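Remarks on the structure that follows.
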Amino acid sequence: MRMTWKAWGLGALIAAGLLLSSETLRAGEAPVVHVKVVSSGGATRVEAQASGAFEYSTYQPSGRLYVLDLSGVSSGDLAGVKELNSSLVKSYRVLGYSTGDRPNVRLEVLLSQGASVKVDRPDANDVTLVVSAAVGADVAGPEASLLAVSAPAARNVDSGSRMIQAVNLTGRNGGAEVTISASGPLTYHSMRLRNPDRLVVDFAGSRLSTHETRIDSQLQAVRDVRMAQFRPDVSRVVIDLGQPNASYEITGRGNMVAVAIGSRSGSTGAASNAVASTLPAVVTSTGTATQASRPSTHTSVPAPATVLPVNLTETAGFASPADGRASPDITVQAPAAAAPPKYTGEPISVNLKAVDLADFFRLIHEISGLNVVVDPNVKGSLTIVLDNVPWDQALDIVLKNFDLDKQLEGNVLRIATKATLRKEAEETRDLALAQAQAENVITTTRVLSYAKATALVDTLKKFLSPRGDIIADDRSNTLIIRDIPSTLPVIDNLIRELDRRSQQVEIEARVVEASRSFAREIGTQFGLSAGSTSRNNVVGGGTGVNTPLTPPTAPPLVIGSSGSSGSTSGIPAVTNLGASAPTSGIAYGFSSSNFALDMIITAAESRGVGKLLSQPKVITQNNEKATVKQGTKIPVQTVVNNTVSVQFVDAVLELDVTPQITADGTVYMDVTVENDQIDQSIPRVQGIPAIDTQSAETKVTVNDGATVVIGGIIVTQQNTAIDQVPLVGSIPVIGNLFKHTTVSSSSAELLFFLTPRILPS
């Protein structure tokens with residue numbers, strides 16, 4: 001609706017006059033309710049007493065705002081906010097409105113932080129809100145108070161309980177329809193609730209026989225449907241609506257009740273939505289399934305009270321069970337995962353030209369119900385045209401345009417310039433600093449159990465006042481603190497958090513070294529001698545090749561002379577390519593009066609497999625370095641300036657690790673593993689042996705009890721050596737008789753395995 005400021009004021013006066021006159025006329029017909037507040041015994045009682053019977057419903061749109069709607073009564077108290085001198089209830093106000101020709105009264109109670117409310121119904125003419133501190137109290141959840149609606153027993157059709165056999169959800173005409181089937185006619189009581197938007201239908205005198213407690217929906221009109229036995233004689237169906245201000249219609253069909261949500265036809269839906277936008281936060285209707293009930297499109301109902309938007313109040317969340325299913329007492333499901341809108345105030349339409357800022361803030365007071373205090377420095381005129389904009393968004397826009405800001409304390413909204421608020425903050429800071437400077441300095445001590453006092457000094461000093469200081473006593477592991485008393489609680493909280501027993505971690509390392517070797521050697525020795533009887537021509541080997549071969553009989557050509565026994569010293573070798581350390585061999589010899597031949601083939605082969613396993617293990621506290629080593633220290637003598645000194649060099653297996661336990665139960669480790677051994681294959685230098693080093697250094701994250709390979713080294717060597725007679729050794733096949741072949745291969749593999757285990761506290 002578009003209006004000028006003057007038109008808005010005139011319209012408000014006319015509406016207020018009509019509302020007052022209509023309420024006065026109905027006051028003579030309907031029971032009159034009076035509200036009084038009594039504080040005693042650590043609790044505050046807000047009593048609504050009427051001259052006749054009435055029905056009521058309650059809901060709690062935020063953690064501090066509690067609303068009680070009374071149906072069929074008129075107010076006997078003056079409208080307006082009533083401030084209270086109570087630590088539990090800050091204020092309350094009573095408002096009247098109508099549903100068609102039926103008068104209603106709304107009681108809004110502004111609670112203190114942490115207060116909880118119980119509803120007490122002594123009789124049909126009285127309802128009392130008992131407000132007490134939440135600590136140790138039997139605090140009902142948000143849904144318990146939100147759905148606490150009295151259902152008169154007179155609506156039961158009969159004393160026998162009807163069994164609700166099925167609840168179904170179907171799509172229909174662009175909307176949705178929920179059907180409830182029972183073993184007999186049903187009596188229902190419906191409520192329209194907001195924050196979040198949903199429809200609650202109670203069936204008195206019935207019990208649920210279906211095992212389903214929730215129906216998930218893929219329809220736009222309905223998010224889900226939840227069922228539960230609200231009380232032994234009341235079954236409850238909660239329909240979470242997918243759209244705010246969605247219209248609905250409840251119809252009885254024999255033993256079935258149908259709830260149609262959304263547009264069934266173009267005209268009907270439009271009318272229903274238009275009316276729904278004017279409904280208060282709770283709308284109730286009652287009917288019996290034996291006859292069709294009229295649609296729940298109530299006539300014009302003014303909404304005199306506007307729920308404070310989330311950007312001005314601390315809205316209580318509605319938590320759902322961890323498994324997502326409805327609990328037996330119908331816990332309200334949390335809103336959708338999408339972030340809630342920033343502005344949730346009632347939409348307004350204004351057209352103001354050159355009006356004073358104070359008049360605009362007075363308009364905010366009338367719309368929101370908040371007490372508005374404007375700082376004297378706030379001045380200026382405003383021209384603004386807004387259509388269907390939440391009032392809290394309009395307020396923020398105006399504040400931003402005039403470089404203003406707001407402060408909300410209880411139900412009092414203060415408007416001031418940013419410069420004023422900044423100056424106040426600086427003055428508050430300076431005052432606190434001056435008070436700190438004026439305080440007397442005291443000295444106290446704190447004995448630590450697990451943390452080192454010297455390690456905490458630098459950290460805690462950052463939280464002291466300028467006059468404070470901390471020193472540590474190593475002998476008693478005590479902190480000596482000297483500062484003003486107001487800083488000691490902060491220091492004590494930090495000490496409690498930091499001086500805790502650390503978890504311990506066991507780290508087991510395994511160093512595995514595996515080696516394999518293979519060697520094969522094949523060689524030949526060949527000798528011959530030949531000559532004529534006159535010995536004018538002689539053929540034989542050379543004496544420089546190697547030791548002469550000894551023939552079985554005396555050949556024509558011998559080395560040296562025959563002894564008395566007729567033995568000879570042997571035939572000179574033609575080739576001497578035998579195996580250096582033979583493990584097997586075969587010889588062939590031939591001799592005649594003019595010719596002698598000797599052939600020897602020797603061979604050797606060896607294989608080797610080795611495995612070395614080292615398994616160091618260490619236990620340390622979280623974030624503390626641990627070292628374990630095992631091996632030999634080698635003395636090394638040095639001479640410097642004619643001074644002889646001996647130093648020791650480690651040849652050890654060493655494990656250095658610093659574990660850190662993460663929040664998800666894994667272990668992050670900074671690891672160094674080193675395996676040093678004396679290398680006997682390298683000659684010593686001045687008696688000092690060489691050191692063979694194997695090491696790995698890394699940072700790794702491992703699950704508790706899992707094993708990880710943090711490093712691996714594989715060394716492979718292969719050698720082939722051939723000694724042969726020139727030219728002849730290259731002849732295929734035959735050349736093998738004039739060769740010495742050596743083949744060798746070796747491999748060494750080194751692996752580091754690491755297994756951390758978090759020990760129980």
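The values are calculated or read from the model by the stated rules, or taken from the named source; none is laboratory data. For clarity, every value in this text was computed on a predicted model and none was experimentally measured. FYI the Cβ positions are ideal-geometry reconstructions off the backbone, even for glycines, and counts take in every protein chain you see. Areas reflect the complete protein model, heavy atoms only, side chains present, ligands, DNA and RNA absent. Shrake-Rupley method; radii C 1.70, N 1.55, O 1.52, S 1.80 Å.
Tell me, what is the FRET efficiency for D704 and R467 to the nearest 0.05, using R0 = 56 angstrom and their Cβ-Cβ distance as r?
0.75
Along each of its three principal axes, how wide is the spread of alpha-carbon positions in the stretch 387-542, in whole angstrom units, largest first?
142, 66, 27
Take the alpha carbon atoms of the stretch 694-751, find their radius of gyration, then divide it by 2.2 N^0.38 Å using N residues; give the quotient.
Normalised Rg, Cα atoms only: 2.24.
Please report, as a whole percent, how much of the solvent-accessible surface of the stretch 369-519 comes from carbon and sulfur atoms (probe radius 1.4 Å).
49
Can you give the extra length, in nm with one decimal, that the chain gains between A124 and S695 once fully stretched, where that is 0.36 nm per residue apart less the Cα-Cα distance?
Length difference between fully extended and current span is 197.0 nm.
Using a 1.4 angstrom probe, figure out how much accessible area the stretch 570-712 has per residue, in square angstrom, rounded to the nearest whole.
60
Starting from the 7 Å offset along Cα-to-Cβ, what nm value, one decimal, do you get for the label separation of A166 and L612?
7.9
Could you list the residues of the stretch 663-680 with an amide nitrogen less than 17 Å from a label point located 7 Å from the Cα of A455 in the Cα-to-C-beta direction?
Residues 668-670 fall inside that zone.
Roughly how many Å² of K406 are accessible to a 1.4 Å probe, to the nearest 10?
50
How do D492, D233 stack up against each other in accessible area, from largest to smallest, with a 1.4 angstrom probe?
Largest to smallest exposure gives the sequence D233, D492.
Which order do you get for E249, E346 if you rank them by accessible area with a 1.4 Å probe, largest at the top?
E346, E249
Take the alpha carbon atoms of the stretch 685-761, find their center, do the same for the stretch 432-464, and report the distance between the two centers in whole angstrom.
60
Can you pull the accessible area of S476 for me, 1.4 Å probe, Å² to the nearest 10?
S476 has an accessible surface of roughly 50 Å² with all protein chains in place.
Hey, if we sort E605, E513 by accessible area with the 1.4 Å probe, largest down, what's the order?
Largest accessible area first, the residues go E605, E513.
Heavy-atom accessible area per residue, the stretch 422-480, 1.4 Å probe: how many Å²?
Using a 1.4 Å probe on heavy atoms only, each residue of the stretch 422-480 averages 71 Å².
Between V728 and V715, what is the spin-label point distance in nm, taking each point 7 Å from the Cα along the Cα→C-beta axis?
Modelled inter-label distance: 4.1 nm.
What are the residues whose amide H is under 5 Å from the amide H of I634, where those residues sit 5 or more places off or on another chain and H is modelled from the backbone?
Here V649, D650, A651 satisfy the definition.
Can you pull a Stokes-Einstein diffusion coefficient for the stretch 613-725 at 4 °C (1.567 mPa s), Rh from Kirkwood over Cα pairs, as a whole number of µm²/s?
73
What is the extension gain from E366 to R684, computed as 0.36 nm multiplied by their sequence separation minus the C-alpha to C-alpha distance, in nm to one decimal?
Contour length minus the Cα-Cα distance gives 104.5 nm.
Which lysines, if any, have their Cα less than 27 Å from the Cα of K118, not counting same-chain residues under 8 positions apart?
K118 reaches K36, K82, K90.
May I ask you to give the percent of accessible area on the stretch 32-94 that is carbon plus sulfur, with a probe radius of 1.4 Å?
50
Any idea of I215's accessible area? Nearest 10 Å², probe 1.4 Å.
30
Sticking with the crude label model, points 7 Å out along Cα→Cβ, report the distance from R475 to R414 in nm, one decimal please.
In this crude spin-label approximation the distance works out to 5.4 nm.
What part of the accessible area of the stretch 616-761, given as a whole %, is carbon or sulfur when the probe is 1.4 angstrom?
Summing carbon and sulfur atoms, their accessible area is 52 percent of the total for the stretch 616-761.
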